[in-house]
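Take a look at the structure below.
The values are calculated or read from the model by the stated rules, or taken from the named source; none is laboratory data. Predicted, not measured: the structure shown is a model, and the values here were computed from it. FYI the Cβ positions are ideal-geometry reconstructions off the backbone, even for glycines, and counts take in every protein chain you see. Just so you know, the surface numbers come from the protein's heavy atoms only, side chains and all, with ligands and any DNA or RNA stripped out. Shrake-Rupley method; radii C 1.70, N 1.55, O 1.52, S 1.80 Å.
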Amino acid sequence: MAAAKASLFFSPSECFLTTRLCKLFSTTQKPSFPSPSSSSITLTNVLNADAVYTKLPPRLRNARQEQERDAISLLNERIRREHAKRDHSPLRPAMDSEEADKYIQLVKEQQQRGLQKLKSDRARQGAPHDAAQPTFSYKVDPYTLRSGDYVVHRKVGIGRFVGIKFDVPKDSKEPIEYVFIEYADGMAKLPVKQASRLLYRYNLPNETKRPRTLSKLSDTSAWERRRMKGKVAVQKMVVDLMELYLHRLKQKRPPYPKTPAMAEFASQFPFEPTPDQKQAFSDVERDLTESENPMDRLICGDVGFGKTEVALRAIFCVVSAGKQAMVLAPTIVLAKQHFDVISERFSRYPNIRVGLLSRFQRFGVKQKERIASFKTSVDVLTLSATPIPRTLYLALTGFRDASLISTPPPERVPIRTHLSAYSKDKVISAIKHELDRGGRVFYVLPRIKGLEDVMEFLELAFPHVEIAIAHGKQYSKQLEETMERFARGDIRILICTNIVESGLDIQNANTIIIQDVQQFGLAQLYQLRGRVGRADKEAHAHLFYPDKSLLSDHALERLAALEECCELGQGFQLAERDMAIRGFGNIFGEQQTGDVGNVGIDLFFEMLFESLSKVDEHRVISVPYPAMELDININPHLPSEYINHLENPMQIINSAEKAAEKDIFNLMQFTENLRRQYGKEPYSMEILLKKLYVRRMAADLGITSIYASGKMVGMKTNMSKKVFKLITDSATSDIHQNSLIFEDGQIKAELLLELPKEQLLNWIFQCLAELYSSLPTLIKY
C-alpha cells in the first residue's frame, strides 16, 4: 500500500474520529531528578526517621493491607472507568489555551449555523417558534396530546395527561382552558399557555412508552435528581463532541489540486444534474480543494437522487492527486455493487486500480471508529438516504457539514405505499400484478427463520416462476451469484432478509413486499421501500402486519409516519422524526439510553441543544503543575525500615514528583507500580502520595492554590461560577456538594471544626476527588 495519506468515504454508514488519552507512566524509564522547589516532596528529615515500623518483611507485612481499597485506589478505579469508555479513541494532540480559543470559536460559529438552519427548516414546516427561546424547542403542543399520554413537566416531573377542560381561575370569573395531569399523589392543572412552555412528550428509546414511575407533586426532589442526571449525561456528550471536533479542526492536510481532468471526469455523467446535486458537487469540491482541514460532510439524498455521483467525483479528485480512497459499505451485496459501478466509471483510467475487499458483516459504530482511528486526518464523506440518528444530529447542530439533495430526477415517480393486515390473497395479487408487467419482486422478512416457509408458499402459487432466497448466513459466492441472477432477471422473486436494504439498484424491480413490518425500524422500512421505484414505472411497497391488535402504539406510530412520508425526497424529514421515535442507542451508544429514560427523549434533546448553545461556557483551563501551591505544612516521616527496603528512596520520591508533574495517569501508574513492587505503603508514604494527587487534581481543575485558615478551607481558581455550579451539580456526594461555595474567584468550605493537618489533607483529597469526577462534563483546554 502506498505511503500516501488515505482518504475515507463511507456509504451509507458513518464515521466518528474520537480520541484517546495519553499513555500511562512506566517506571522502567529512569527519571532525572527534578529541580528542588518549595512545593516538591523531598526526603529532608525522612531518611533519618526513627520510627519503628515492624520486623516483618514489607511484602508479608502489607499482604492484608494490599487487598484493602484505600482512597487512592478508589480514585484510580473511578478515573480508569471513565477512561475505559473512550479506550477505542485515537490519541488527542496537545492544545494550548490560546489555540483552543480559536477552535472553540470556530465550532461555536458552525454550531450556531446548524441551530439556525434547524430553526428555519422548522419554521418553513409551520412549527411554532417562541422568540424568547434562544435554542430549538422540543416542547409539546398540549392540543396534540391524547388522554393517557405521558408528559414531562420541566419543574415537576413525569405525569399522565388526562385532558383539557375549561375552569374558572380563583381571581377571575371568566373560564379558561386548563391542562389536567395526573401524578403519583394527585391531579395538577395548569393553564394551556403555561403548559405549552413547560410540557414535553415523554418518549423512550424502546418500544414501551411507560415510565418506571410517576413523579410526586408533594416531593419534587426526586424529579430534580433525575433531571440532574439527564443534564450531566447531556453535558458529557457535548464535551465528547466538542473535543472530537476541536481535534478534527486541528488536523491539517494540503488542499487537493483542482485540475482540468476533474471537469472532464464530470462531463462523463450521462444525466443532467439537478440543482441540489450541483450544489453538493460544489460543496464537496470546495471541501477538498480549498480547505486545509479534512472534510467531514454528510450527503443526504433520497434513494436514486444521485448521491453516488457525488462520491465518484470526490474519489477522482483524491486519486488523481496520487492519494488513495476507500469506499465503506455496510453489506457485501452493496460493496459488490459499488465495486461494479466504480470499476465501470474508472475504466477509462488504466492507472487507477479498483479493488474489492469484503467480509460477511454489517459495520457497527465500533467497526467504523476502529477503521477511522487508523488515520486521524482522513477526509470523510457520508452518503445516506435516511441518516442514522447520530449522523443526523451532528448535521443539524452544525458539528458536521451537510448537503441535502431533495430534488428528484425528472423521470422519477413516487412509490405507492400500501399498509394492511397480512393475507395470502393480497400477497399473490401484488406479486401477480408485478410479474404481469415484466418486473421483479423483493419479498422481505425480518428473520432468516420463515424464509423457507414463504418459498414453499410462493412455489405453489407461482410454479413456473424462478424464485430464490438471499440472507446473511449464506456463503458470499452463493449470495453474489443469487444477486447477479436477480439483477439480470433470471430470478423473478427474491425472498430475503433486510440484507438488501442498503443502496441496491435493481432497475426493473418495482414491487417490494415486507412481512411483519412491526419488527422493523422506521428508517429500515424507508430504506427497504427505496429498493424499488428506480425506473420510470410506478412502484409499489406492500407493508403487511399480522394483526393490528398485536401492534404496540409505538409500532403503529412508526408505520403511520411512513405512510405520511410517501412523497419523494422526504428521507431527511423522516430520519428526524425517527430520531425521536426509535432506538436512541444508535445516537450515542447504549450507555446513554438509560440516561434518556430519566427525562424522556424530548426534554433530553432540548437540554442537549441548550448545552450546545453554551458550549464555550463549560470550559476549565488547567494550570501548570509547578504553579499549583499547596499551602498546608505537613511533612510526615517515613519509617526507617520502609526506607531501607526501597532500592533507591531518593530516586523513587523524585520519580513520584515527576510523574505527578506529567499528568494524573502517570501518577496513577507510578502509585500502582510502587505498590506492586513494595506492597502497600505505610500511612506516612500514603500522605506524601496524597499531596501529589491533591496538587495534580487541583492543577487539572484550574485551582492555583489551596490554603487553610482555622476551620475555613480556600481554593483560588480560574474557573467561572457557571463551571463551579456544573461541577457541584455533577458531584455524587451531597457532603461536598452542600459544603462548598464560590465567591471572589475562590472555592470555599467552612468545616465544623479545625482539623489536624493530616485529617485536613484527607478531607481536601476526598473533596478534590469528587470535583475531579466531574471533569468529563467539562472541556479541558
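Here is how the numbers come out for the structure above:
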read-out: Loop-located trypsin sites (Lys or Arg not before Pro) in the stretch 237-314 whose Cβ has at most 10 other Cβ within 10 Å (DSSP); value: Lys252
read-out: Accessible area of the stretch 134-235 belonging to carbon and sulfur atoms, whole % at 1.4 Å probe; value: 52 percent
read-out: The stretch 412-474 - Rg over Rh from alpha carbon coordinates, Kirkwood radius; value: 0.96
read-out: Solvent exposure ordering (accessible area, 1.4 Å, most first) of Asp219, Asp744, Asp287; value: Asp744, Asp219, Asp287
read-out: Binned Cα-Cα distances of the stretch 666-781, short to long, each 10 Å bin given as a whole percent; value: 12, 44, 31, 12, 1
read-out: Cα-projected label distance for Lys473 with Asn718, points at 7 Å along beta-carbon direction, nm; value: 6.0 nm
read-out: Rounded to the nearest 10 Å², the accessible area of Glu557 at probe 1.4 Å; value: 60 Å²
read-out: Largest to smallest accessible area among Leu667, Leu357 [probe 1.4 Å]; value: Leu357, Leu667
read-out: Surface accessible to a 1.4 Å probe, per residue, for the residues of the stretch 282-330, Å²; value: 29 Å²
read-out: More than 17 Å apart - percent of Cα-Cα pairs taken over the stretch 640-730; value: 59 percent
read-out: Expected-Rg normalisation [2.2 N^0.38 Å, Cα atoms] applied to the stretch 409-533; value: 1.00
read-out: Quarter of Cα convex hull surface for the stretch 506-545, i.e. mean projection, nm²; value: 2.6 nm²
read-out: Gyration tensor (alpha-carbon) shape descriptor, the stretch 707-746, a/c threshold 1.5; value: oblate
read-out: Accessible surface of Leu190 - all protein chains present, 1.4 Å probe, nearest 10 Å²; value: 10 Å²
read-out: Restraint check, Lys139/Lys170; Lys258/Lys336; Lys252/Lys323, Cα-Cα greater than 22 Å; value: Lys139/Lys170; Lys258/Lys336
read-out: Sites matching trypsin sites (Lys or Arg not before Pro) across the stretch 408-496 that sit in DSSP coil, with at most 16 neighbouring C-beta atoms within 10 Å; value: Arg437, Arg447, Lys449, Lys473
read-out: Per residue, in Å², the accessible surface of the stretch 176-260 once ligands and nucleic acids are set aside, probe 1.4 Å; value: 48 Å²
read-out: Binned Cα-Cα distances of the stretch 597-702, short to long, each 10 Å bin given as a whole percent; value: 12, 34, 21, 14, 13, 5, 0
read-out: Volume per residue of the C-alpha convex hull in the stretch 147-261, rounded to whole Å³; value: 230 Å³
read-out: Portion, in percent, of the accessible area of the stretch 586-700 that falls on carbon or sulfur, probe 1.4 Å; value: 44 percent
read-out: Cα gyration tensor category, rounded, prolate or oblate, for the stretch 269-366 with a/c compared to 1.5; value: rounded
read-out: Loop-resident sites, the stretch 461-528, for chymotrypsin sites (Phe, Trp or Tyr not before Pro), counting at most 10 other Cβ within 10 Å (DSSP); value: Tyr475
read-out: Probe 1.4 Å, accessible area per residue of the stretch 635-781, Å²; value: 38 Å²
read-out: Probe 1.4 Å - accessible area at Val162, Å² to nearest ten; value: 50 Å²
